[in-house]
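Q: First, the structure itself, so that you have it in front of you.
The values are calculated or read from the model by the stated rules, or taken from the named source; none is laboratory data. Note that the structure is predicted; figures quoted are calculated from it, not measured. In this analysis, Cβ positions are derived from the backbone assuming ideal geometry, glycine residues included, and neighbour counts consider all displayed protein chains. Protein only, heavy atoms only, side chains kept; ligands, DNA and RNA dropped before computing areas. Shrake-Rupley method; radii C 1.70, N 1.55, O 1.52, S 1.80 Å.
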Amino acid sequence: MIDTIRANLGPMMFGGLIVFLLIGYPAAFSLAAVGLFFGFIAIEMGVITHNYMGNLTFQLFSIISNDLLLSIPFFTFMGAVLERCGLAEDLLDSIGQLFGSIRGGLSYAVIFVGAILGAITGTVAASVIAMGVISLPVMMRYGYDMRHATGVIAASGTITQLIPPSLVLVVLADVMGKSVGDMYAGAIGPSIVQVALFCIWVMILSIVKPAAIPALPPEARTLRGWALVWKCIRGIVPSAALIFLVLGTIFMGLATPTEAGAMGAVGALGLAALYRTLSWKLTYQAMSSTMRITAMVTMILIGARVFSLVFQGVGGGKWIEHMLTGLPGGHVGFLSFTMVFVFFIAFFLDFFEIAFIIIPLLAPAAEKLDINLIWFALLICANIQTSFMHPPFGFALFYLRGIAPPTVKSRDIYLGSIPWIVLQLILVALMIAFPQMVTYWLDKPVTLDPAALEKQLNSMPSFGTIELQGLTPPKP
């Protein structure tokens, strides 16, 4: 009996974590509690030694000394400021006027503004809430089909997951051990295809069911000529400048993601001042939101490191790897299982919990199967977007329900999401069928400067290498 328990501590840990999460206990504390509990059991059973748990000190130190994670509060603060500064209203008004003369013009405006807003806010909640508050009353006023209106707003809010400089991609890069710049570059193709798919669907709907997405009446199109051009320039150019400030400096190697995030935070304050909405109240609200999100991410990451250390020590990592690499069908079987698993687990866990708990278990198996980890990470990111839209658990639908007027029925919100879920599944299928959507932007020769490499290695502190001590293999 004891030998059976000793040999199956890994599966028991994983099962215990699932039980804690399903009963609704906070993920960070569930991870730490399960990890420490099974750590004590493993020590008593001789699977690991007391010295092995001492490695937890190094694991926690690696979190607080990780410069990349410092970009999380910067990007969060940038998004929180832009969410409240009036940028979304100006963008929607200008682009809505620009496309107002064609059927579905407001839908195109919502999609494009969602892409721009997603690129500079980085959170689904901020995008969906901002787009819903601003655009839903306008679409209802001009006779848009309720299901289409709610669907396009929720879908445009989830675009933020995939479009650089998404906070999600920063976290994925850290978890996968890859460059943030490469992760951003790989996301360019899928982002373009996703926006194109959404626009194609609106175009098809305008032909098949034109009454559902009418053009704006002439009296609603108050701007024409140079006045409209100036309005569009005023709304788009500052946003484009901020995106270039963040992305351009990373792609050109002028700044690290953390430095680019800091510049983005300053740029967001500058935009708020430009729109004359910068105030102590706005700044305090943005700082408060940043503090909560950063603390949540840090606590989840600490709990995940505690769980991961013990899980690897009792052989859980090898158990997961052997199980996944042994699936029938090789790459196809692994990807099929992974995509279905992530799709359903995203109903119950938010992205950060998936990133710090689930993805570290999947990544070693993907690497052993010689799967490009950047492509794999972006595939998971696109998959999670789908689960944000899936009724009845989709978080984007919850956000929209929270800010929609009482006249909007939950049934319309749920049914309106279905076409957009299909479009997002098409994106996932296209990424699997054509991995060049991601790898095209990455297939470039890499040159190393030996002198620069030697200088960087010499500058590293002596405690930079962490060794796990006191680990003994599980007994059969």
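Q: Looking only at residues that are surrounded by fewer than 19 Cβ atoms within 10 Å (Cβ to Cβ), aliphatic (A, V, I, L, M) and not in a loop (DSSP other than H, G, I, E, B) in the stretch 340-357, which one is modelled with the highest pLDDT?
A: Only one residue fits best here, namely VAL340.
Q: Let me ask something additional. Name the residue that is farthest from PRO164 (Cα to Cα), counting only residues in the stretch 44-55 that are outside any loop (DSSP other than H, G, I, E, B) and open to solvent by 30 Å² or more (accessible area, probe 1.4 Å).
A: In this case the residue turns out to be GLU44.
Q: Then there's this: If you scan the stretch 243-265, which residues turn out to be closer than 16 Å to ASP90 by Cβ and open to solvent by 60 Å² or more (accessible area, probe 1.4 Å)?
A: Once the filter is applied, which keeps residues that are closer than 16 Å to ASP90 by Cβ and open to solvent by 60 Å² or more (accessible area, probe 1.4 Å), the stretch 243-265 yields nothing.
Q: Here's another thing I want to ask about it. Can you tell me which residue in the stretch 253-296 is modelled with the highest pLDDT, limited to those that are of a type in the set (D, E, K, R) and in a helix (DSSP H, G or I)?
A: The extreme case among them is LYS281.
Q: Being assigned to a loop (DSSP other than H, G, I, E, B) and in contact (Cβ under 8 Å) with a residue 60 or more places away in the chain is the filter here, so list the residues in the stretch 364-380 that pass it.
A: Selection gives ASN372 alone.
Q: Can I ask one more? Being at pLDDT below 80, more than 16 Å from ALA32 (Cβ to Cβ) and surrounded by fewer than 23 Cβ atoms within 10 Å (Cβ to Cβ) is true for just one of GLU321, GLU367. Which residue is that?
A: Testing whether each residue is at pLDDT below 80, more than 16 Å from ALA32 (Cβ to Cβ) and surrounded by fewer than 23 Cβ atoms within 10 Å (Cβ to Cβ) leaves just GLU321.
Q: OK, next. Would you check if there is a residue in the stretch 198-206 being free of Cβ contacts under 8 Å to residues at least 40 places away in the same chain and either over 30 Å from ILE358 (Cβ atoms) or among the acidic types (Asp, Glu) (or both)?
A: yes
Yes/no per residue for (1) open to solvent by less than 20 Å² (accessible area, probe 1.4 Å); (2) free of Cβ contacts under 8 Å to residues at least 60 places away in the same chain; (3) over 20 Å from SER166 (Cα atoms):
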| site | (1), (2), (3) |
| --- | --- |
| ILE359 | yes, no, no |
| LEU362 | yes, yes, yes |
| ALA382 | yes, no, no |
| SER387 | yes, yes, no |
| TYR399 | no, no, no |
| ALA404 | yes, no, yes |
| ILE418 | no, no, yes |
| LEU427 | yes, no, no |
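Q: Read through the list (1) modelled with pLDDT of 80 or more; (2) surrounded by fewer than 16 Cβ atoms within 10 Å (Cβ to Cβ); (3) among the polar types (S, T, N, Q), then give the number of the only condition that SER65 fails.
A: If we test SER65 against (1) modelled with pLDDT of 80 or more; (2) surrounded by fewer than 16 Cβ atoms within 10 Å (Cβ to Cβ); (3) among the polar types (S, T, N, Q), just (1) comes out false.
Q: Going through ALA240, ALA286, ALA268 one at a time, which residue ends up being open to solvent by less than 10 Å² (accessible area, probe 1.4 Å), over 30 Å from LEU60 (Cβ atoms), within 23 Å of the chain's Cα centre (by Cα) and not acidic (Asp, Glu)?
A: Selected residue: ALA268, the only one of ALA240, ALA286, ALA268 that is open to solvent by less than 10 Å² (accessible area, probe 1.4 Å), over 30 Å from LEU60 (Cβ atoms), within 23 Å of the chain's Cα centre (by Cα) and not acidic (Asp, Glu).
Q: Here's a follow-up. Give the stretch 21-35 a look and list any residue that's touching a Leu at 6+ places or on another chain (Cβ under 9 Å) and modelled with pLDDT of 80 or more, or say none.
A: SER30, LEU31, VAL34, GLY35
Q: Here is a follow-up. Which residue, of TRP226, TRP230, TRP201, is crowded, with 19+ Cβ neighbours inside 10 Å and either among the aromatic types (Phe, Trp, Tyr) or not in a helix (DSSP H, G or I) (or both)?
A: Just one listed residue meets the conditions, TRP201.
Q: Could I ask something else about it? Kindly indicate which of VAL168, VAL180, VAL138, VAL152 is surrounded by fewer than 21 Cβ atoms within 10 Å (Cβ to Cβ) and either at pLDDT 80 or above or touching a helix residue (DSSP H, G or I) at 6+ places or on another chain (Cβ under 7 Å) (or both).
A: VAL138
Q: With the requirement that a residue be open to solvent by less than 70 Å² (accessible area, probe 1.4 Å) and among the aliphatic types (A, V, I, L, M), what does the stretch 4-33 give you?
A: Within the stretch 4-33, ILE5, ALA7, LEU9, MET13, LEU17, ILE18, LEU21, ALA27, ALA28, LEU31, ALA32, ALA33 qualify.
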